[in-house]
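*Asks:* Structure provided below as structure tokens; questions to follow.
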Amino acid sequence: MTVTLTTAGPLPSVQDAENTYDVTVVGAGVVGAAIARELARHRLRTALIDAADDIGNGTSKANTAILHTGFDAVPGSLEARLVREGQELLAAYAGETGIPVERVGALLVAWDEEQLAALPGLRAKAGRNGYHASRIIGADELRRREPHLGPGALGALEVPDESVICPWTTPLAFATQAVRAGVHLHLNCRVRDVGSDAGDHLLTTTRGPLRTRYLVNAAGLYADEIDRLLGHDVFTVTPRRGQLVVFDKLARGLVSHILLPVPGPAGKGVLVAPTVFGNVLLGPTAEDLDDRTATGSTAGGLRLLREKGRRIVPALLDEEVTAVYAGLRAATGQEDYRIQEYPARRYVAVGGIRSTGLTASMAIARHVRGLLADTGLDAGEPGPLPPLTMPNLGEAFPRPYRSAELIAGDPAYGTLVCHCEQVTLGEIRDALRATIPPHSLDGLRRRTRARGGRCQGFYCGAAVRALFEEARP
């Protein structure tokens, strides 16, 4: 296995014909990584490039981590189809590769008569989206299922197949499998311009030129900017900030399901959900901004979340807060994905991928592969991908520190470094030696959970940093 992963220095010379890529995917978030993995099945020379120093470092790293059924999508939309297909694909893939998923189910809670009257329509909508397992439950059953719910809940729509998933392991798994299958990964590689030369795309990047025959734009928050570099003005991305609060693991017993509001004219609203890491999540806000880098939390946003949370699960507000964070979604003002092929340009734009992108990622990848064929790409017959097993980050699944057999074979798996999250020396060592190693402490946290617990690295931070610095080339 030869792995090509670069983070600095010039890209392969475009003067050499053999350095021309068949396909280049711009954007190594969960969607771009899934597309690269899908293309890795074929005998193509494929590149995956990103402006950041890690995969999944933009929108993909800060979301609500829900594996959706697509019950509430707009019926007949591309998003509805791809979420439905993607949910099945990703659930199966997670089982194969060890990505933690917990099928906890969701409850859309009605807090007033108007919301209660809306539940039959939402159930009918789920049916139009091909999801038929939802059912309406009354206040008494709702109270039995969620005894810590705030007063006044009148009923709910139960969606038993909604799940929570690890948002960090998923893009890392896609990219790792792609790179092991021969895809070239170039990080710290921001696209400045897109020109053409002899029928090829000639990308000007911060690391020099890159030549490619076909181009896929999966640049997330910057997808509209890349699109305009190719002469299009089809959509505009508006960063929509979502602030979230993560509560300590002691709060986990307060919530059994994903608690969703009944959506209204203002959108889907604030949810309370368990996480695969054993915490409880409250959020997100929905703030349309101009700044594509504004990922800070605000006092106003956190105040709003506390007000909403107090209504949903009052006791949650008495629990300790582990962390707050904010992510940006790529809103386009449209109720559907903006995925478009341009055969004359040998180009596919993948824009407007919202919070459902994690769920739909594998289906989007298959869809894009088909669109590339429509633009003229002859990918040939697909082959198998190398098998992959990802390190488990989920609290509901066996962790190394609990495995006597693993510790007996390697005592590093019995040496805790991060006591809050029970992360061992062996796990940190493995992450630093992985096919795609982290290039920052935050990247290491997303691979191991180290420094992600209630002390936020106060106790283990120095030790984790020392291990990270020791492993750096």
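*Asks:* On the basis of being crowded, with 18+ Cβ neighbours inside 10 Å, under 23 Å from the mean Cα position of the chain (by Cα) and either among the aliphatic types (A, V, I, L, M) or at pLDDT below 95 (or both), does LEU425 make the cut?
*Replies:* no
*Asks:* Out of all the residues in the range 435-466, which are open to solvent by 40 Å² or more (accessible area, probe 1.4 Å), out of contact with any His (no Cβ under 9 Å at 6 or more places or on another chain) and more than 20 Å from GLU395 (Cα to Cα)?
*Replies:* HIS439, PHE458, ALA462, ALA463, ARG465, ALA466
*Asks:* Can ASP193 be described as farther than 26 Å from SER297 by Cα and either aromatic (Phe, Trp, Tyr) or at pLDDT 95 or above (or both)?
*Replies:* Yes; evaluated as a whole, the condition is true for this residue.
Residue by residue, here is whether (1) open to solvent by less than 20 Å² (accessible area, probe 1.4 Å); (2) modelled with pLDDT of 95 or more; (3) more than 16 Å from LEU187 (Cα to Cα) holds:
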position: SER13; (1), (2), (3): no, no, yes
position: GLU18; (1), (2), (3): no, no, yes
position: ASP22; (1), (2), (3): no, yes, yes
position: GLY27; (1), (2), (3): yes, yes, no
position: ALA36; (1), (2), (3): yes, yes, no
position: LEU44; (1), (2), (3): no, yes, yes
position: LEU48; (1), (2), (3): yes, yes, no
position: ALA51; (1), (2), (3): no, yes, no
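*Asks:* Since GLU114 meets every condition but one in (1) surrounded by 24 or more Cβ atoms within 10 Å (Cβ to Cβ); (2) at negative phi, which condition does it not meet?
*Replies:* The single condition GLU114 does not satisfy is (1).
*Asks:* Could I ask something else about it? Are there strands (runs of 3 or more DSSP E) fully within the range 304-382 with at least 1 residues that are out of contact with any helix residue (DSSP H, G or I) (no Cβ under 8 Å at 6 or more places or on another chain) and within 26 Å of VAL101 (Cβ to Cβ)? List them.
*Replies:* 321-331
*Asks:* Restricting to the range 53-62, give me the number of residues that are surrounded by fewer than 24 Cβ atoms within 10 Å (Cβ to Cβ) and touching a Gly at 6+ places or on another chain (Cβ under 6 Å). Spell out the reasoning first.
*Replies:* Of all residues in the range 53-62, those surrounded by fewer than 24 Cβ atoms within 10 Å (Cβ to Cβ) come to 53, 57, 61-62.
When the remaining residues are screened for being touching a Gly at 6+ places or on another chain (Cβ under 6 Å), the result is 62.
Residues in the range 53-62 being surrounded by fewer than 24 Cβ atoms within 10 Å (Cβ to Cβ) and touching a Gly at 6+ places or on another chain (Cβ under 6 Å): 1 in total.
*Asks:* When the range 259-285 is examined, which residues are found to be more than 21 Å from GLY453 (Cα to Cα), buried (at least 17 other Cβ atoms within 10 Å of the Cβ) and among the hydrophobic types (A, V, I, L, M, F, W, C)?
*Replies:* Those that are more than 21 Å from GLY453 (Cα to Cα), buried (at least 17 other Cβ atoms within 10 Å of the Cβ) and among the hydrophobic types (A, V, I, L, M, F, W, C): LEU259, LEU260, VAL262, VAL270, LEU271.
*Asks:* Now for a separate question. Checking the conditions here, which among ALA396, ALA373, ALA379 is at pLDDT below 95, surrounded by fewer than 16 Cβ atoms within 10 Å (Cβ to Cβ) and under 28 Å from ARG84 (Cβ atoms)? Reasoning before the result, please.
*Replies:* Details: ALA373 fails: at pLDDT below 95; ALA379 fails: surrounded by fewer than 16 Cβ atoms within 10 Å (Cβ to Cβ).
After applying the criteria, what remains is ALA396.
*Asks:* Another one. If you take the residues in the range 295-318 that are of a type in the set (Val, Ile, Thr) and more than 16 Å from ILE258 (Cα to Cα), which one is surrounded by the fewest Cβ atoms within 10 Å (Cβ to Cβ)? Steps first, please.
*Replies:* Of the residues in the range 295-318, the ones of a type in the set (Val, Ile, Thr) are 295, 298, 312-313.
The next check asks that each one be more than 16 Å from ILE258 (Cα to Cα); those that pass are 295, 298.
On the way: THR295: 19, THR298: 15.
Step by step, filter the range 295-318, then rank; the result is THR298.
*Asks:* Given the structure, is ASP233 out of contact with any His (no Cβ under 6 Å at 6 or more places or on another chain), open to solvent by 20 Å² or more (accessible area, probe 1.4 Å) and not in a strand (DSSP E or B)?
*Replies:* Judged against the criteria, ASP233 is a match.
*Asks:* When residues of the range 378-427 are filtered for being touching a residue at least 40 places away in the same chain (Cβ under 8 Å), among the β-branched types (Val, Ile, Thr) and closer than 20 Å to ARG454 by Cα, how many remain?
*Replies:* 1
*Asks:* So, of the residues in the range 401-428 that are in contact with an Asp or Glu (Cβ under 9 Å, 6 or more places away or on another chain) and either of a type in the set (Gly, Ala, Ser) or in a helix (DSSP H, G or I) (or both), which turns out to be nearest to GLY56 (Cα to Cα)?
*Replies:* Checking each candidate, the answer is GLY426.
*Asks:* Evaluate the range 165-188: report whether one residue or more is over 30 Å from THR389 (Cα atoms) and crowded, with 23+ Cβ neighbours inside 10 Å.
*Replies:* no
*Asks:* Let me ask something else. When only residues in the range 89-111 that are loosely packed, with under 14 Cβ neighbours inside 10 Å and charged (D, E, K, R) count, which is nearest to PRO274 (Cα to Cα)?
*Replies:* Filtering the range 89-111 for residues that are loosely packed, with under 14 Cβ neighbours inside 10 Å and charged (D, E, K, R), the one nearest to PRO274 (Cα to Cα) comes out as ARG103.
*Asks:* Right, next: Output the residues belonging to the range 1-30 that are out of contact with any strand residue (DSSP E or B) (no Cβ under 6 Å at 6 or more places or on another chain) and either part of a strand (DSSP E or B) or of a type in the set (A, V, I, L, M, F, W, C) (or both).
*Replies:* MET1, VAL3, ALA8, ALA17, VAL30
*Asks:* Only one residue in ASP291, ASP318 is under 25 Å from ALA219 (Cα atoms) and free of Cβ contacts under 8 Å to residues at least 60 places away in the same chain. Which one?
*Replies:* None of the others qualify; the one that does is ASP291.
The values are calculated or read from the model by the stated rules, or taken from the named source; none is laboratory data. For clarity, every value in this text was computed on a predicted model and none was experimentally measured. For neighbour counting, all protein chains shown are included, and Cβ atoms are generated from backbone atoms with ideal geometry for every residue, glycine included. The area values use the complete protein model at the heavy-atom level, side chains included, leaving out ligands, DNA and RNA. Shrake-Rupley method; radii C 1.70, N 1.55, O 1.52, S 1.80 Å.
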